[in-house]
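First the structure, in the form of C-alpha cells, and then the observations on it.
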Amino acid sequence: MIDFLIGLFLATLIISLFTTRLYGLLLWYSLNSLTLGLLALFIGHELDDMAMLITGIVTILIKTIGIPYILKNLSQKFHFVRQINPEIKVQYAIMLIPAILVFTFYLSEPITQMINENNNYIAISISSLFLSLLLMMEHKNIAPKIIGFLSMENALFLLGITATDGMPMLVEFGIFLDLLMAIVVMNLLFHNEEAKV
Amino acid sequence: MMLFLLLLPALIMFVMSLYKNDKAKRILSFTSFAILLPMIKLFLLPKPYHIWGDYLIADGLNTYILLVSSIVGIGVTLALLTLDKHVKVSPNAYRRFYRFFAIFWIGLMFSILSNNMGIYWIGLELATLSTVYMIKTNHSSSAHKEAWNYMIVGAIAISLVLFGIILIYASAKPILGEDAMSFNLLLAHAKDIKSPFLFEIGFAIVSVGMFVKMGFFPMNLWLANIERASFYPVAALFSGILESAVIVGFFRFSKIAMEVNYDHLFIFIFTYTLLTIFIVSFLIFRAKDFMRLFSLSGIEHMALIALFWVSGGTFAALLHFGAHAFLKPALFLSTGVLESNGKYKIAGALKGYKGKKGTMFWFLVSLFLLAIISLPPSPMFFSELYGFGAMIAIAKKSDHLLAMIGAILFLLILLSVIFYRFVAIYQSMKYEGEKNEKRVYPSELFSLVIFALSLMALLLPITFDYLKGIS
Amino acid sequence: MILYFLTIICLLLLAPILLSFIKALKMILLFKKPISLLQGYRNFSKLMQKETIISSETSSITRYAPFLVLSPLLVTMFFLPPVVKGAFYVSFVDAFTITGLISLSTFFLMLLGLDSASAFGGMGSSREAFISALVEPAMVLTIFSISMMAGDLGIGQAGVNLAYNFPAEHMSSFLFAAISFFILLIAENGRIPVDNPETHLELTMVHEAMILDLSGVYLAIIEMAASVKFVIFSSLFVSLFIPFGLEYSPVVAILIFIAKLFGVAIAVAFVEVNMAKLRLFKIPNLLGISIVFAFLSLITFYVLGY
C-alpha cells in the first residue's frame, strides 16, 4: 500500500508538470499532498508513532484542503493568468523527465544501500525534489512557481517521513509554521500589488 | 530569561510598529541598545551556557557572532530613523518595514544561537520570508519583481538546506536517535557515523543551499539585483545579519564534516570558493554602481571566510567575518547618503559635503572603502595574512605545497584586480562628476561611528585572545 | 482448448456491445434517451445488406485492405492472456508481437485512407500516422515493463503470473504502467480526448476520415475491426492491470472478466463525458505523458527493484 501511495505521489507530480491550467495544477498539488498525508498516516500507523499521525492529519488539513483553497481564492481575487503553458516544450520534457529520474536514481543508489528499510523512497523523494525544481523552471507565471515551491516542500516532507522515520515534532511544526508564514507573505505581496493598481 | 532579554529589543520594535505614532521610532533606537546588556552578560557567563535546554546553547563562536550581528542591528535601527529623508516611503510601509525587521531579527537570533539543525533552519526561513516584505517596501515595479525573485530563489536555497539537514539527520539517527539534530552531539559522535556518504551528500546539499543564499558561483548576481532594487538598509541587514546567520551554520556543519572526511570537504569548498572569487573579481571589475559593487565584494569576502575556515584558520575566518560584518553594513548604510536618488552612481559621490558632520562622514566612508580592500590598518589585512598562513600550514602537511602556493598567488592576483577597481572607484568618487549638496543626519553619522569603533575594537589584543580561544 | 475458443468467441460477441454500451452510458450521462446495447449488431446487419460501391479511381488495395485491417486484430485475439484458469494460451507472444500486429492493422487502415485519393483520406491517414507513431514506443515500453514485473516476457504467462502472485513490491512501477496503458487505450481507440468517433467534422476526424469512402460490407468490416480493437485493448488492460479472479470456476471467472471489461468501458465513458477533445497538436502532450510513465515504470522497476 505504501508503495502504491508513493507511486501515486510521483505520478501526480509528473502529471502536474504537463498541466496547462492553473486549477488543474492546484488539483494535482492537492492530490499530491493527499497521498503524502495518507503516506504519513500509514507509516505512522506501522511505526505506532503518534507524532507522525498528527503530522499526517495536519498535512491533509493544511496542504490538501487549506492551501489549494487559499490559492484558488487568491487567484480569483487578483485575476491570475489561468492558462499556464510550460516554457519547456513537451518533446523536451519527455526526454528530460526520465533523464532526471535515471540520474537521481543512480545518484541515490549508494544512499539507498545504506538505509535498510524504505530504500527506494529516498530516491523517489530526491527525484521529486528535482521535478518540482523543473516545475518552477518551466513556468514564467508566479502562481505555478509558488506551486512548485510548495511541492518542493512536499518532497522534503516525504524525505523526512521516509528516510528518518519522522523528524522531531518541534521541527516539523516549525516547518508548518514557516509554510503558513510563506502563505501570509504571498498574500501581502499580492495585496500590495492590488493596492497600487 | 536570558532569551527574553535578548529578544526584548526586537519584541519592542514589533509592538511599537503596531502604533501609528511617528515618535515611536525614536524610542527604538534607544531600546535597541538594550541588547548589549544581555550580550555582556553572555560573555561573562561560563561557556557553553544553555539558554533554552539543548536547543539554544551559547558558546564562544555564536556569542561572538551574535554580538557582531547585534551591533549591526543597532546601527541599522539608527540609520532607519532617517530612511524617509533619503527615499520616498509611506508611513504605513515604514511601520511594516519595522515589523518585518523585528521578525527578521528574532528569526536570526534563534538561528545564530541554535544548537539544533531544525531550529537553525526555522529561524533562517523566518528571516528569509520576512525579508521578502522588507524588499517590497520600495514601491517600484523592479522591487516587486525582485521580491518575488527573492521569495522563489531564497525558498529554493532554504529548501536545499533543509534537504541536506534531513539527510544528515538520517545518517546520524541510527547512533543518536532524536538527538541527531544537535550540533554538539553530532560533532562529538561524527566519527561514529555509519554512513559517511549519506552525511557527505547531505553536507554538500546544505552548503550548496547556503552558497546560493550568499550568492556564490552560479548565482552571483541575484543578491546584487535584489539589494539594488530594495532600500539600502535591507542590503545592510543582508550583509550584516543574514549572512552571519548563514555563515554560522556553515561553520557548524563544516566542523562536523571535517571530522567525517576532511579531504573531501576541503577540495569541495576550495574549488567552489576559488571559482566564485574568480568570477566575482571580474564582475567587480565591470561594476558600475555602488550596490552591485558592494554586494559583489561581499560575496568575495564570504568566499574568503569559508575558505579560511575550512583551511583550519579559525581565527582568520572569524576576524575576517567580524571586519566584513562591520564594514559592509556601514558602507551600505552610507550609500543612502552618497546617492539619495537610488541611482547609486559612482562619480562624484564623495563630493559636496559641508560642515563638521559632512567632513567626518566622507572621511569615515573613505576609510571604510579603503579598509574593505584590506589596506594595512584594517582587520581584514591581518585576517588575510593569518588565513593565507593557515592555508600554507595545511598544505605543508600534505605534499601539495606548490599547488597551494600557486593557488594563493592566483587568489592574490584576483584580489589585486578587486583592489585596483576599488582604488579607481574611490578616485572617481572623489574627483569626478558634478558637485551636489548632500545632507548627513546625526543618527547616520552616529551609526557609522559605532561601526568604526567596533572595527577598532576588533584589533584590540583582548579580542584577538578571545577569537583565538574559539576552536 | 474448448475454453480457449469459447472465451475468444465470447469476447468477439461482446465487442460491439461494449462500444454500444459506452455510447449508451454517455447518452444517459448527457440526459439523452440511450441507444440499445444491440445497436452495434443492428448497424452490422444493415451494412451487410447494403450495396458496396467502390470508387473507380482506387486500386486493388481498397478491396484487400479491410480484410487486412481486421485479420491482424483477429490474430491478436488469440494471443491474449487467458481469461479462465487452465485455459490454453499462446506463451511466446511478447510486447513487440502485439504492438507489431496492431500497427500492421493500422498500416493497412492508413493505406486504405490514402488509396481513394480523396482529400479527407490523406488527412486522416497522416493524422493517424502521427498518433500511432507516438503510441507505439509507449505501448512497447508499457507491455515490456509489465511483463518484466510479472517475470515473463510472454504476455499470456505474464497475465497468469500477475493473477497468482501479484508483485506488491513493484506497486509504484505497476501504477505507472497502468496510467500509461490507460492513456494508450484511449488514444489508440480514437476515444474523446484524442479523436471523436461520433462526428464527421473536418477539423476533428482521424479514424472517420480514413473510412469516409467505404460503404457496405467493407465499412462493416472496418467497424468490426474498431470494436475488436477496443476489446483487445480493454482485455489486455483488464488481465494485466486488474489481475484477479482467475482462480474461480470458469463461468464465474468469465463473468468477473466481463464485469471488469464493463468497468473499463464505464471509465472510458466518464473520461469522454468529462473531457473536451484536444486540439490535434496538443495530442503529443497527452501521449508524452504516457511515454514518460511507461519509461518511468521501467526505470523504477530496474533501479528500485530488488
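The values are calculated or read from the model by the stated rules, or taken from the named source; none is laboratory data. Keep in mind the model is a prediction, meaning the values are calculated, not measured. Here the Cβ is made from the backbone with ideal geometry for all residues, glycine too, and neighbour counts use every protein chain on show.
Data overview
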{"read-out": "Residues of region B:347-368 satisfying the condition of being surrounded by fewer than 21 Cβ atoms within 10 Å (Cβ to Cβ) and either touching a Pro at 6+ places or on another chain (Cβ under 6 Å) or among the aliphatic types (A, V, I, L, M) (or both)", "value": "B:A347, B:M360, B:L364, B:L367"}
{"read-out": "Among (1) assigned to a helix (DSSP H, G or I); (2) more than 20 Å from the chain's Cα centre (by Cα), the one test that C:P284 misses", "value": "(2)"}
{"read-out": "Region C:51-95, residues that are in contact with a Lys or Arg (Cβ under 9 Å, 6 or more places away or on another chain) and more than 19 Å from C:T106 (Cα to Cα)", "value": "C:I54"}
{"read-out": "Selected residue [aliphatic (A, V, I, L, M), surrounded by fewer than 19 Cβ atoms within 10 Å (Cβ to Cβ) and more than 15 Å from the chain's Cα centre (by Cα)] from A:I62, A:I43, A:I2", "value": "A:I2"}
{"read-out": "Residues located in region B:131-145, provided they are surrounded by fewer than 23 Cβ atoms within 10 Å (Cβ to Cβ) and assigned to a helix (DSSP H, G or I)", "value": "B:S141, B:S142, B:A143, B:H144, B:K145"}
{"read-out": "Odd one out for C:P243, checked against (1) outside any loop (DSSP other than H, G, I, E, B); (2) more than 14 Å from chain A (Cβ to nearest Cβ)", "value": "(1)"}
{"read-out": "Members of region A:129-175 that are small (G, A, S) and under 15 Å from A:T59 (Cβ atoms)", "value": "A:S151, A:A155, A:G160, A:G166, A:G174"}
{"read-out": "Any pair with Cβ under 8 angstrom, 6 or more apart, that starts in region C:170-186 at a residue that is more than 7 Å from every other protein chain (Cβ to nearest Cβ) and ends at one that is surrounded by fewer than 24 Cβ atoms within 10 Å (Cβ to Cβ) and charged (D, E, K, R)", "value": "C:H170/A:D3; C:L185/C:R191"}
{"read-out": "Evaluation of A:L38 against (1) in contact with a helix residue (DSSP H, G or I) (Cβ under 6 Å, 6 or more places away or on another chain); (2) crowded, with 21+ Cβ neighbours inside 10 Å; (3) over 17 Å from A:H139 (Cβ atoms) (one fails), failing number", "value": "(2)"}
{"read-out": "Residues of region B:93-115 classified as surrounded by fewer than 24 Cβ atoms within 10 Å (Cβ to Cβ) and not aromatic (F, W, Y), total", "value": "7"}
{"read-out": "Every pair of residues 6+ apart whose Cβ atoms lie under 7 Å, when the first sits in region A:149-173 and is facing another protein chain (nearest Cβ under 7 Å) and within 18 Å of B:I152 (Cα to Cα) while the second is among the aromatic types (F, W, Y) and assigned to a helix (DSSP H, G or I)", "value": "A:L156/B:F163"}
{"read-out": "Residue within region A:82-90 that is within 30 Å of B:S171 (Cα to Cα), crowded, with 21+ Cβ neighbours inside 10 Å and of a type outside the set (G, A, S) present", "value": "no"}
{"read-out": "From the options B:L409, B:L414, B:L448, residue that is over 30 Å from B:G348 (Cα atoms) and either loosely packed, with under 13 Cβ neighbours inside 10 Å or touching a helix residue (DSSP H, G or I) at 6+ places or on another chain (Cβ under 8 Å) (or both)", "value": "B:L409"}
{"read-out": "Residue selected from region A:109-120 under the condition modelled with pLDDT of 65 or more and within 9 Å of chain C (Cβ to nearest Cβ), by the criterion surrounded by the most Cβ atoms within 10 Å (Cβ to Cβ)", "value": "A:N120"}
{"read-out": "Extreme residue, nearest to B:S281 (Cα to Cα), among residues of region B:183-238 that are free of Cβ contacts under 8 Å to residues at least 24 places away in the same chain and not basic (K, R)", "value": "B:P218"}
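Conditions (1) modelled with pLDDT under 85; (2) closer than 30 Å to B:V206 by Cα; (3) within 14 Å of chain A (Cβ to nearest Cβ), marked per residue:
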{"position": "B:I65", "(1), (2), (3)": "no, yes, no"}
{"position": "B:P91", "(1), (2), (3)": "yes, no, no"}
{"position": "B:F104", "(1), (2), (3)": "no, yes, yes"}
{"position": "B:S111", "(1), (2), (3)": "no, yes, yes"}
{"position": "B:N116", "(1), (2), (3)": "no, yes, yes"}
{"position": "B:W121", "(1), (2), (3)": "no, yes, yes"}
{"position": "B:L124", "(1), (2), (3)": "no, yes, yes"}
{"position": "B:Y133", "(1), (2), (3)": "yes, yes, yes"}
